[in-house]
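Peer 1: So that we are looking at the same thing, I have put the structure below in structure tokens.
The values are calculated or read from the model by the stated rules, or taken from the named source; none is laboratory data. Given the structure is predicted, the values throughout are model-derived calculations rather than measurements. Virtual Cβ from ideal backbone geometry, glycine too; neighbours counted across all protein chains shown. Surface accessibility is based on the protein's heavy atoms, side chains included, excluding ligands, DNA and RNA. Shrake-Rupley method; radii C 1.70, N 1.55, O 1.52, S 1.80 Å.
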Amino acid sequence: MSAFSAIETKRDVDQNEFTPDIEPQATWCPGCGDFGVLKALKGAMTEVGKNPDEVLLVTGIGCSGKLSSYFDSYGYHSIHGRSLPIARASKLANPNLEVVAAGGDGDGYGIGGNHFMHTARENHDMVYIVFNNEIFGLTKGQTSPTSPKGHKSKTQPHGSAKDPVRPLSMSLSAGASYIARTAAVNPNQAKEILVEAIEHDGFAHIDFLTQCPTWNKDAKQYVPYTDVQDDEDFSFEVTDRQEAGEMMYEAESRLSQGEVLTGRFYREDRPSYGQEKRHTGEMPEQPLAERYFDDSYEWERSADLMHRHR
Amino acid sequence: MTNDELLWRIAGGSGDGIDSTSQNFAKALMRSGLNIFTHRHYPSRIRGGHTYVEVRAASHEVKSRGDGYNFLLALGDSFARNPQEDAYYGNEEVKPLTENLDDLREGGVIVYDEGLLDESDVADLDEQAEENGWHVYPLNLRGLAREHGREVMRNTAGVGATAALLGMELDPVEELMEERMSGEVLEQNLEILEIAKNEVEEREFTHDLQIPAVEDGGNDEQVLVSGSTAIAYGAIDEGCRFISGYPMTPWTDVFTIMSQNLPEFGGIAEQVEDEIAAASLAIGASHAGVKAMSGSSGGGFALMSEPLGLAEMAETPIVLVEAMRAGPSTGMPTKPEQGDLEHVLYTSQGDSNRVVFAPGNAQEAYEQTRRAFQLAYNYQLPAIVLYDQKLSGELINVDEAFFDREPNPSLGSVLTEEEIADAPHHHSGKFNRYRHDVENGVSPRSIPGQEDGRFLVTGNEHTPQGHISEDPDNRINQMDRRMEKLESIRAELDANDQSSQTVYTPDDEAEHQYGIMTFGSQQGTVEEATKRLSDDGHSVKALGVSELLPYPTEEVKAFLDSVDQCMIVEMNASAQFRGLTQKELGGYGEMMTSLLKYNGNPFEPEEIVEGFESSISGDGDAPGHSTTFVPAASD
Ligand SMILES: Cc1ncc(C[n+]2csc(CCOP(=O)(O)OP(=O)(O)O)c2C)c(N)n1
Ligand code: SF4
């Protein structure tokens, strides 16, 4: 019997299996976009047939970070901005796990920006969901890296003098191999994109627009939205880096002006980091984690290295 | 005394091959049957600058650097020879001669490369030599190397000259060269070695220093290892197969050794974007079921503070290494100090719930790294191995058999799927990961991917199922359980018949007038000083403490109760170890004095002897300017 039978033995999973005995209403405000992410993620995991015990969801800190509390799988609610380094090491340790990382725009594009850049560059095989509500939710409404220029908050009373970050463009230049933007107000598209992201073999970054009715007063801030794949005005090839880059730039500029463009922006077939590492011999073929349950494995010892020290 | 031990110092510029030459010389001496201890001194500079390595070789056991040295091989700094007139380095090329002379013992031997160094640049070398009875041999090592090979081989010429002057056989040196070189390079080196030896042998010698006599034949069962090697090998034998790090001196030593070996052993090494990531990766790998390690030095460890706290709260096992160098801030990158003790004990918010070991020598470094993994994985908390730049780089000979150990790949308190099925679950079906009602404070964990084992980890306070909770009763239960682990660990460590603390009693008496106590890497030096003091008729014994958290209260009390007064030796300015000891024991302050050193160099045994004589027994000169004496607390 394998040590990890949740991964090995496939069975049909009911959506409710991803629902723990705790209510998200416990911390999320009514009308919060985070509910939409939760619902889409449950739907997508069920659709691709994942067993809750083979999924590891690593979250950061923020309202968004609570996702792991309300999604029943193996979960790791970590520290602010650090979900990615924890998630990617878990994936290296056991590449058979379905690893998802999630957090807010402050978490991912602010404090965790360095990890975002490097995880995308390395193209780790995982899904990364950034709840983009253009605000710090949990700490009560401060300006975030995605808040529009001129945004006023208690900590920026004169209005922010900074342009917002461009997360899609950042992601592309850093090296993510799947980049999409969806919105909690668009549940069907959100689920479809999540399904693609889970199935994508590489770093799949989803900028997930989530409204924060408590601190960003307009609960409908992402309605109406346009799907760039469905609209004739936008014709670009998602696998063409340059065209994708231009489209992202457009989408980001328009968002600042209140026009919401969502959809798939970039897709690239490139070996994931794990594949690259196995290729160069820096990573074992079999998941490292399994070895610790394999009684017949012969462990090398430091004594094997002693000839160097004689 | 002359032939009792050789203290050979090779000096030159960083990047001139001083390190590898000295290592091979040390190995050759070890192979011929001598005991070895090396001390490395280098500046924070990549090429050029003054650097030296001291190789102490004796037929008796050596556990520390010596006091000064008796043989100087001054090679010259090739990088200092800048063709431009007003080169930044100025006439630094005489440094290998000038910088070293203070520590050269009376009657010592100087060999210098007259191809690179000019004796006339050192104004009073002749007078100094006369005064101290030094024997000076100028040799054109550079010319010789150029003529028979390449200039870089002047190190080899220096070794050949050393062999001639000390009456040493070349066989072990040649053997080592044959093992690590080949082709033309080997031929040329062997030739230069021979020629240098023969040429020098024809000269007339005035000195009588000889290679120390070997007592009982060879020493072929010995290996030469550093503290960092020992830590890396301890980790490997404990089944650690994941390392994540970011370079920082001197932690880089362990990081490099692990990175070079893990892929060959089917493990994973990751150099990442910063130290926060490094510690977080170790957490991720460990959570997913792999034995993982990370580490850094002062500033990098500061960045690890938050993930360290997460590992405590989330009870994810990890082992971190902290290799101290002189601080604060970036301090002196290549100089040892023991100033991060409090940082490592108390960094991160909340009550510290971690294990800290501070090994005193290479063997302890190996054993305590293994112990750190065992405790981390059995008790689900972070364990830290605290050492410093001195222990990191110094080489010592160890019985090869010492490393012939059983591996231990056990993940500790992890359940199999069968065990998970039998384990208590919450009525919702969720695995009770953080049960209150367990022995030792340890609630067994499951690994992602195991059927029916899922749970939530969080750095927030949480219920047994891992849900965030601020319920006061739950908080007390969880907090008490986590803290209980430290008590269980203390009990386990105390019950172990092999204590980690090293008591050194030269005369086997239990009761003594005086004690000397230290922690970490100063242990060998303290032992050596204690032996000298004992030989001089003092009633003294020593204790090297290497468990810092949980603190070995009973053992330290027993030691202090067996002496009248105790001197605490440590390499920092604020007596951090003494402070810890007083905090843990809640008394004994009036019997403790401190001997401190923080100038970037580790203690020499004689400095401890002097400090002891002046401060404790009151019959010596005041300690030198490089050490500081802090008297006992009094009412
Ligand atoms: C190191 C650190 N700094 C600050 C905080 C406080 N903090 C918690 S959540 C948060 C911002 C959350 O904003 P965002 O990431 O956008 O997520 P949201 O709450 O909007 O979902 C901050 C600053 C923290 N927990 N840790
Ligand atoms: S504060 Fe905003 S982001 Fe947080 S739960 Fe409420 S609505 Fe959602």
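Peer 1: Would you pick out the residues in segment B:409-450 that are at the interface with chain A (Cβ under 10 Å from one of its Cβ atoms) and open to solvent by 60 Å² or more (accessible area, probe 1.4 Å)?
Peer 2: Selection gives B:Glu418, B:His427.
Here is a yes/no grid of residues against (1) away from chain B (no Cβ under 12 Å); (2) among the hydrophobic types (A, V, I, L, M, F, W, C); (3) within 8 Å of ligand 1 (Cβ to nearest atom):
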residue: A:Ile111; (1), (2), (3): no, yes, yes
residue: A:Asn114; (1), (2), (3): no, no, no
residue: A:His118; (1), (2), (3): no, no, no
residue: A:Glu122; (1), (2), (3): no, no, no
residue: A:Met126; (1), (2), (3): no, yes, no
residue: A:Leu138; (1), (2), (3): no, yes, yes
residue: A:Gly141; (1), (2), (3): yes, no, no
residue: A:Ser144; (1), (2), (3): yes, no, yes
residue: A:Thr155; (1), (2), (3): yes, no, no
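Peer 1: Checking A:Val58 against (1) at the interface with chain B (Cβ under 8 Å from one of its Cβ atoms); (2) surrounded by fewer than 24 Cβ atoms within 10 Å (Cβ to Cβ), only one condition comes out false. Which one?
Peer 2: All conditions are met except number (2).
Peer 1: Pick out, from segment A:196-277, the strands (runs of 3 or more DSSP E) lying fully within it that include 2 or more residues that are free of Cβ contacts under 8 Å to residues at least 60 places away in the same chain.
Peer 2: Filter on segment A:196-277 gives A:225-227.
Peer 1: Give me a count of the residues in segment B:256-272 that are open to solvent by 20 Å² or more (accessible area, probe 1.4 Å), facing chain A (nearest Cβ under 7 Å) and touching a helix residue (DSSP H, G or I) at 6+ places or on another chain (Cβ under 6 Å).
Peer 2: Looking only at that region, the number is 0.
Peer 1: While we're here: Spot the failing condition for B:Met304; the list is (1) closer than 24 Å to B:Ser574 by Cα; (2) away from chain A (no Cβ under 14 Å); (3) open to solvent by less than 10 Å² (accessible area, probe 1.4 Å), and only one is missed.
Peer 2: All conditions are met except number (2).
Peer 1: Let me confirm something: among B:Glu204, B:Glu187, which residue is open to solvent by 50 Å² or more (accessible area, probe 1.4 Å), assigned to a helix (DSSP H, G or I) and farther than 27 Å from A:Lys277 by Cβ?
Peer 2: Selected residue: B:Glu187, the only one of B:Glu204, B:Glu187 that is open to solvent by 50 Å² or more (accessible area, probe 1.4 Å), assigned to a helix (DSSP H, G or I) and farther than 27 Å from A:Lys277 by Cβ.
Peer 1: Out of all the residues in segment B:313-330, which are more than 11 Å from every other protein chain (Cβ to nearest Cβ) and open to solvent by 10 Å² or more (accessible area, probe 1.4 Å)?
Peer 2: B:Arg325, B:Gly327, B:Pro328, B:Ser329, B:Thr330, listed by residue number.
Peer 1: Still on this structure, I have one more. Within segment A:33-44, does at least one residue satisfy the condition of being away from ligand 2 (no atom under 13 Å from the Cβ), in a loop (DSSP other than H, G, I, E, B) and within 20 Å of A:Asn186 (Cα to Cα)?
Peer 2: The answer is no, given that none of the residues of segment A:33-44 is away from ligand 2 (no atom under 13 Å from the Cβ), in a loop (DSSP other than H, G, I, E, B) and within 20 Å of A:Asn186 (Cα to Cα).
Peer 1: Kindly indicate whether any position in segment A:35-44 is facing chain B (nearest Cβ under 8 Å), of a type outside the set (S, T, N, Q), over 21 Å from A:Gly202 (Cα atoms) and more than 16 Å from ligand 1 (Cβ to nearest atom).
Peer 2: no
Peer 1: Could you tell me which residue of segment A:267-289 is farthest from B:Glu406 (Cα to Cα), considering only residues that are open to solvent by less than 60 Å² (accessible area, probe 1.4 Å) and at the interface with chain B (Cβ under 8 Å from one of its Cβ atoms)?
Peer 2: A:Lys277
Peer 1: Taking segment A:210-230 as the search range and keeping residues that are within 15 Å of ligand 1 (Cβ to nearest atom) and either touching a helix residue (DSSP H, G or I) at 6+ places or on another chain (Cβ under 8 Å) or open to solvent by 80 Å² or more (accessible area, probe 1.4 Å) (or both), which one is farthest from A:Asn186 (Cα to Cα)?
Peer 2: Filtering first and then ranking leaves A:Trp215.
Peer 1: Residues that are in contact with a strand residue (DSSP E or B) (Cβ under 8 Å, 6 or more places away or on another chain), over 20 Å from A:Phe116 (Cα atoms) and among the hydrophobic types (A, V, I, L, M, F, W, C): does segment A:235-247 have at least one?
Peer 2: yes
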